[in-house]
Amino acid sequence: MSFNRIQKIPSPKETQERMPLSAELKGRKAERDREIIEIFERKSDRFLVVIGPCSADQEDAVCEYVGKLAKLQEQVAERLLLVPRVYTNKPRTTGAGYKGMGHQPDPQKAPNIAEGIYAIRQMHIRCIRESHLTAADEMLYPGNFPYLEDILSYVAVGARSVENQQHRLTISGLNVPAGMKNPTSGDLSVMFNAIEAAQMPHIFIYNGWEVSTDGNPFTHAVLRGSVDISGRSIPNYHYEDLIHVVSCYDERSLSNPSIIVDTNHNNSGKQFAAQPRIGLEIMRSRNDSPILRDIIRGLMVESYLVEGSQVVEDGVYGKSITDPCLGWESTEEFVMELADLAG
């Protein structure tokens with residue numbers, strides 16, 4: 001065997017008992033869950049914006065960012081619902097590089113997953129306590145979800161995980177909205193198969209238990225663009241792309257048909273500064289079509305305190321150490337423009 005035991009990982013129960021969510025914050029989460037679900041149920045006309053750093057790499061900077069987002073939320077409350085991205089595990093295409101706070105709570109030190117689990121829970125709780133905004137996180141590892149299951153109000157399954165059976169079945173047991181991204185190949189059938197699977201009830205093995213789930217009716221499509229065989233980015237946010245996704249929904253009997261559009265990744269060709277242009281085009285497409293206005297329920301945006309990205313050694317506070325992001329000034333301007341178009 002080539003596995004070397006490093007340390008025992010605390011269980012989800014131990015972690016939650018050590019770092020509990022207060023009754024006040026539990027109530028706030030329940031309220032936020034309801035607000036987000038109402039968008040997918042069409043009980044609310046507000047537009048969802050899942051927004052924040054590519055990866056959450058430093059507690060103080062992330063909490064400062066979310067605090068700014070909370071003040072911005074007050075200004076756009078009638079038209080937009082802002083959900084901070086607090087992504088604590090980072091997928092790596094080749095396996096190399098920073099894998100997020102869950103692996104490495106201090107990017108300049110060696111990985112320590114046991115400490116990372118406590119660090120990400122502490123950061124999420126602090127964000128809620130200081131901002132009253134509950135967050136989104138990516139389900140990179142289904143087994144990690146119980147460490148944050150009482151905290152998250154939105155979950156995303158990434159392009160490289162969407163075809164995985166365990167991800168699909170785990171999402172079927174969540175009671176918060178979950179977005180399934182299209183795979184990097186752009187094959188929409190993979191994404192729709194994932195949505196259909198997650199909306200069904202299942203019995204399977206999960207964290208040492210045989211469990212049953214009821215299905216998650218709020219599982220939905222997230223469009224993030226794709227890559228062709230030459231490695232070129234192919235966007236899927238244009239009007240015709242969106243209408244095609246509507247037709248894909250029409251071919252299946254799915255609950256709460258909804259689209260969230262990721263303005264970065266291959267939709268932007270990884271050109272982070274293009275996100276406002278892309279987001280505003282999507283809003284105009286939505287406003288030009290009653291069908292799109294109904295089905296497009298929100299956007300995903302990558303932004304942080306300082307624009308761009310850096311290597312870990314640069315140490316710039318509030319600047320991404322993974323994919324480049326919009327800076328705060330551009331973010332604020334963009335969100336206000338979205339609010340104007342969402343009316």
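Laboratory data are not the source of any read-out in this text; all were calculated from the coordinates shown. Quick caveat, the model's predicted, so the values are computed rather than measured. FYI the Cβ positions are ideal-geometry reconstructions off the backbone, even for glycines, and counts take in every protein chain you see.
Not counting the cut sites, what is the longest span of the chain without chymotrypsin sites (Phe, Trp or Tyr not before Pro) that DSSP labels loop and that have at most 12 other Cβ atoms within 10 Å? Please report the intermediate quantities before stating the final value.
Working: sites that count: Phe3, Tyr317.
It runs 4-316.
When only Cα pairs under 8 Å and 6 or more residues apart are kept, what is the percent relative contact order across the chain?
Values: 666 pairs, mean separation 55.3, N = 343.
About 16 percent, as a whole number.
Mind telling me which of Glu31, Glu59, Glu251 comes out most flexible in a GNM of the chain, alpha-carbon contacts under 10 Å?
Of Glu31, Glu59, Glu251, the most mobile in the Gaussian network model is Glu251.
Of the beta bridges DSSP finds with both residues in region 12-341, what % are antiparallel, to the nearest 5? Don't skip to the answer; put the middle values down first.
On the way: 7 of 38 bridges.
In region 12-341, approximately 20 percent of DSSP beta bridges are antiparallel ones.
For the pairs Lys90/Lys181; Lys29/Lys99; Lys90/Lys319; Lys71/Lys181; Lys68/Lys270; Lys181/Lys319, flag any whose C-alpha to C-alpha distance is greater than 19 Å. Write down the numbers at each step before the final one.
Details: Lys90/Lys181 15 Å; Lys29/Lys99 27 Å; Lys90/Lys319 16 Å; Lys71/Lys181 29 Å; Lys68/Lys270 25 Å; Lys181/Lys319 25 Å.
Correct reply: Lys29/Lys99; Lys71/Lys181; Lys68/Lys270; Lys181/Lys319.
What is the local net charge at Glu138, summed over the other residues whose Cβ is closer than 10 Å to its Cβ (Lys, Arg +1; Asp, Glu -1)?
Values: positive: Arg85, Lys90, Lys181; negative: Asp137.
Combined, the nearby Lys, Arg, Asp and Glu give +2.
What number, rounded to the nearest 500 deg cm²/dmol, is the helix-based mean residue ellipticity at 222 nm of the chain, given -39500 (n - 2.57) per DSSP H run of at least four residues and division by all its residues?
Details: 10 runs with 127 residues, N = 343.
One gets -11500 deg cm²/dmol as the mean residue ellipticity at 222 nm.
Putting +1 on Lys and Arg Cβ atoms and -1 on Asp and Glu Cβ atoms, find which of Asn266, Met336, Ile113 reaches farthest to the positive end of the dipole of region 12-341.
Of the listed residues, the answer is Ile113.
What residue among Ala77, Ala159, Ala197 shows peak mean-square fluctuation when the chain is described by a Gaussian network model with Cα springs under 10 Å?
Ala77
Using the Cα centre as the reference, give the magnitude of the dipole from point charges on the C-beta atoms of the chain (Lys, Arg: +1; Asp, Glu: -1; all else neutral), rounded to the nearest 20 debye. Don't jump to the answer; show the numbers that get you there.
Values: 36 positive and 46 negative charges, 129 e Å.
Approximately 620 debye in magnitude.
Of the residues Arg18, Arg277, Arg79, which exhibits the maximal mean-square fluctuation in a Gaussian network model of the chain defined by a 10 Å Cα contact cut-off?
Comparing Arg18, Arg277, Arg79 in the GNM, the peak value goes to Arg18.
Can you work out the Karplus-derived ³J(HN,Hα) for every residue in region 197-208? Use 6.51 cos²θ - 1.76 cosθ + 1.60 with θ = phi - 60°, whole Hz, and x for glycine or proline.
Per-residue couplings from phi come out as 4, 6, 7, 8, x, 8, 10, 6, 8, 9, 6, x Hz.
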